[in-house]
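Structure, as structure tokens:
The values are calculated or read from the model by the stated rules, or taken from the named source; none is laboratory data. Everything quoted here is computed from the prediction, not taken from an experiment. When we count neighbours, we look across all protein chains shown, and the Cβ atoms used for this are built from the backbone with ideal geometry, even at glycine. To get the accessible areas, we keep the full protein, side chains included, count just its heavy atoms, and leave off ligands, DNA and RNA. Shrake-Rupley method; radii C 1.70, N 1.55, O 1.52, S 1.80 Å.
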Amino acid sequence: MSPKSAKQSAAGLALGAAAAGTQAATFVYVSNADSQEISVLQMDRASGALTAIETLNVGGTVMPMAVSPEKKMLYAALRSQPFRVASFAIDPATGKLKKLGEAALADSMANIDLDRSGKWLFAASYGGNKITVNSIDKDGVVGAVQQLIPTGPNAHAIHVDAANRYVFATSLGGDHLSAWRFDAATGTLSAHDPAIVGSTPKSGPRHFAWDKAQRHAYLLCELDASLAVFDYDAARGTMREVQRTSALPPGFAGKPWAADLHLSPDGGHLYASERTTSTIAVYEVDAASGQLKTLASVPTENTPRGFAIDPSGRYLIASGQESHAIAVYAIDSASGALTPLQRYAVGKNPNWIEIVELP
């Protein structure tokens, strides 16, 4: 081998070693409202085990979070005065957070999310009955509120569809979703036609999600723990309800208090949490119709307000507001069954989880 070839080979080995040292990692972020901090943990992809990385004090009642489309930024909304959103850069090597800025929010926000370009932040206020749009600058830092729209009572969740054309927001007190056209160039919402997607009276629409193909939408209602399935017309931005089932365990006769829902990445199973019974309902999703078949009701942490599924679809992590802990479950990809793996103590009142997989 010539000296030049030897040098090239050595350089290749060095690059390979460097790449191995910065191999893909999965990080878990948990907002802890009462201890006013975010727990940062790293997940072992082979076992699902978590290792604590840092605990970051944020100086306020931190609850909903959102991650930028390119996974470089984490945003956290503080629901104590002064209402604001903090912008954090995610260190791709360690998963640690670096605060880059704060911006005022128009109210206490139950939910925040980004548009597909990462240039606009949506927020929904439960107590303020409004939705808003904040700008995001080129460095990923949230700026000022640029639009504020009054809504029906108790706005709770707000998300944009995959095409970045239509935004929907739940009105828990009004028993509907409001529908909006979205101009991604200006970050402006305008009323859609039809402007309202109705739900069952006194059901309390809370959280919703689309399947990846944008053929179906799923809506979890807080007050009766019903779970509605909609056919979604992505071209027109319209929803039509085709099924309604329940997130409650069989035989339950108390007061429902449903919380969160997520689809597995492959779209084969859907999960929904219910706080009164501290359970997670498991459903099989029909590949053709998108409709649901109830499979199980799994006991979990006390008052599971929020949970998340890792991007690989192998693990589900649930937070317990009253247990002050999170629980990791292995997901059987074929059956959707949840197998408990481990519990971890975090801060006080954990309520929201984001899982970020970095290449």
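Under a Cβ-only charge scheme (Lys and Arg +1, Asp and Glu -1), can you give me the dipole magnitude of the chain about the Cα centre, in debye to the nearest 20?
Value, rounded to 20: 560 debye.
What does the charge add up to near A330, with Lys and Arg as +1, Asp and Glu as -1, over the other residues with Cβ less than 11 Å from its Cβ?
Charge balance near A330 sits at -1.
Can you give me the relative contact order of segment 259-359 as a percent, contacts being Cα pairs under 8 Å and 6 or more apart?
21
F88 accessible area, nearest 10 Å², 1.4 Å probe?
Surface open to solvent at F88 totals about 10 Å².
With 27 Å as the cut-off, how large is the P(r) tail for segment 166-314, expressed as percent of Cα-Cα pairs?
Everything past 27 Å amounts to 21 percent.
Please state, as a whole number in µm²/s, the translational diffusion coefficient that the Stokes-Einstein equation yields for the chain at 20 °C and 1.002 mPa s, with Rh defined as the Kirkwood radius across alpha carbon pairs.
Values: Rh = 20.9 Å.
Translational diffusion coefficient: 102 µm²/s.
Carbon and sulfur together cover what percent of the accessible area of the chain at a 1.4 Å probe radius?
Accessible surface attributable to carbon and sulfur in the chain totals 54 percent.
What residues qualify as long-range amide H neighbours of A296, i.e. H under 5 Å apart, gap of 5 or more or another chain, H built at 1.01 Å from N?
Result for A296 returns V282.
For segment 215-247 and segment 312-347, what is the separation of their C-alpha centers, rounded to whole Å?
With segment 215-247 and segment 312-347 each reduced to a Cα centre, they are spaced 25 Å.
If you take the square roots of the eigenvalues of the alpha-carbon gyration tensor of segment 234-290 and sort them as a ≥ b ≥ c, do you get rounded (a/c under 1.5), prolate (a/b over b/c) or oblate?
prolate
Counting heavy atoms of the protein chains only and a 1.4 Å probe, report the per residue accessible area for the chain as a whole number of Å².
With the other protein chains kept in place, the chain gives 41 Å² per residue.
Let me check I've understood the local charge: for E284, count other residues with C-beta under 13 angstrom from its C-beta, Lys and Arg +1, Asp and Glu -1. What total comes out?
Summing Lys and Arg as +1 and Asp and Glu as -1 gives -2.
Sort K212, K72, K96 by accessible area with a 1.4 Å probe, largest first.
Sorted descending by solvent-accessible area, the residues read K212, K72, K96.
Mind listing the phi-derived Karplus ³J(HN,Hα) values for segment 257-273, rounded to whole Hz, using 6.51, -1.76 and 1.60 with θ = phi - 60°, and x for any glycine or proline?
7, 5, 10, 9, 8, 8, 8, 5, x, 7, x, x, 9, 10, 10, 9, 9
Quote the charge dipole size of segment 114-229 about the Cα centre in Debye, to the nearest 20; the model charges only the Cβ of Lys and Arg (+1) and of Asp and Glu (-1).
In debye, rounded to 20, segment 114-229 gives about 120.
Residue by residue through segment 218-230, what is 3J(HN,Hα) from phi via Karplus (6.51 cos²θ - 1.76 cosθ + 1.60, θ = phi - 60°)? Round to whole Hz and write x for glycine and proline.
Result, rounded to whole Hz: 10, 10, 9, 9, 6, 7, 10, 6, 7, 10, 9, 10, 10.
Treating the angle as unsigned and between 0 and 90°, give the value, to the nearest 10°, between the Cα long axis of helix 3-21 and the longest Cα principal axis of the chain.
So the helix axis and the longest Cα principal axis differ by about 30 degrees.
Report the accessible area of D107, computed with a 1.4 Å probe over the heavy atoms of all protein chains in place, in Å² rounded to the nearest 10.
30
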